[in-house]
Amino acid sequence: MRRTAIVVDAPSGLAVEALPLVEYVGEGPYLKPEAGAIMASLGEETPVPPQDIQPEEMDIALTADWLETHTHITLKRAPRAWAGLRSFVADGAPVVGFDPTAENFFWLIGQGGYGIMMAPTLARLTAALVTGTPLPPDLAAAGIDLAALRPGRF
Ligand SMILES: Cc1cc2nc3c(=O)[nH]c(=O)nc-3n(C[C@H](O)[C@H](O)[C@H](O)COP(=O)(O)OP(=O)(O)OC[C@H]3O[C@@H](n4cnc5c(N)ncnc54)[C@H](O)[C@@H]3O)c2cc1C
């Protein structure tokens, strides 16, 4: 699924580092601080074949329009933009675990739009599963259900 983001200069006087991530409830557009600038994305999930993905002009224009409509930001030039692919499986949850049929093949995929934020936790789950050790206590206490993540659950 393709997602596009733009990065624009913050309005002068705005303490960007103090900004929270701002988004609508559920899926949708969001903006957040990005190294002293502001990053915005429509949060779109456009199905595309695997490829070296590039941002589409229309997605950049729609994102810029959303930002100008919902904030005091006015864009005076074309924003810096990039697009990336995120992989999903049918239930939208990640897949973490050994393949049920291919011996010693381990799946760690399907992080969707949250792969950066989930990376530390998924890495610790993976380490425990690969080494055959118990889940770290804090992850077990948080109620992480390995069955909900295992390959072959569909
Ligand atoms: C615009 C945008 C904004 C996002 N914002 C957030 C966010 O705020 N927070 C968050 O948590 N997540 C965010 N994500 C999602 C996050 O980036 C992904 O979930 C994460 O990058 C997935 O990590 P990965 O290592 O599984 O895959 P990727 O980061 O996609 O890495 C896969 C790598 O494999 C390479 N590759 C693919 N095919 C082959 C091949 N055949 N041979 C060799 N190499 C290959 C690719 O070039 C790529 O480098 C965002 C994604 C996008 C696109």
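What follows is calculated from the coordinates using simple rules that are stated; it is not laboratory data. Only a predicted model underlies this, so the values are computations on that prediction, with no experimental measurement involved. Heads up, the Cβs are rebuilt from the backbone with ideal geometry, glycines too, and the neighbour counts pull from every protein chain shown.
In a DSSP loop and with at most 13 other Cβ atoms within 10 Å, the trypsin sites (Lys or Arg not before Pro) in segment 67-97 are Lys76, Arg77.
Rg/Rh, computed from the Cα trace of the chain with Rh as the Kirkwood radius, has the value 1.06.
Rg(Cα) of segment 12-93 divided by 2.2 N^0.38 Å?
Details: Rg = 14.2 Å, N = 82, 2.2 N^0.38 = 11.7 Å.
Dividing the Cα Rg of segment 12-93 by 2.2 N^0.38 Å gives 1.21.
Of interest is the spacing of the C-alpha centroids, which for segment 31-56 and segment 96-120 amounts to 22 Å.
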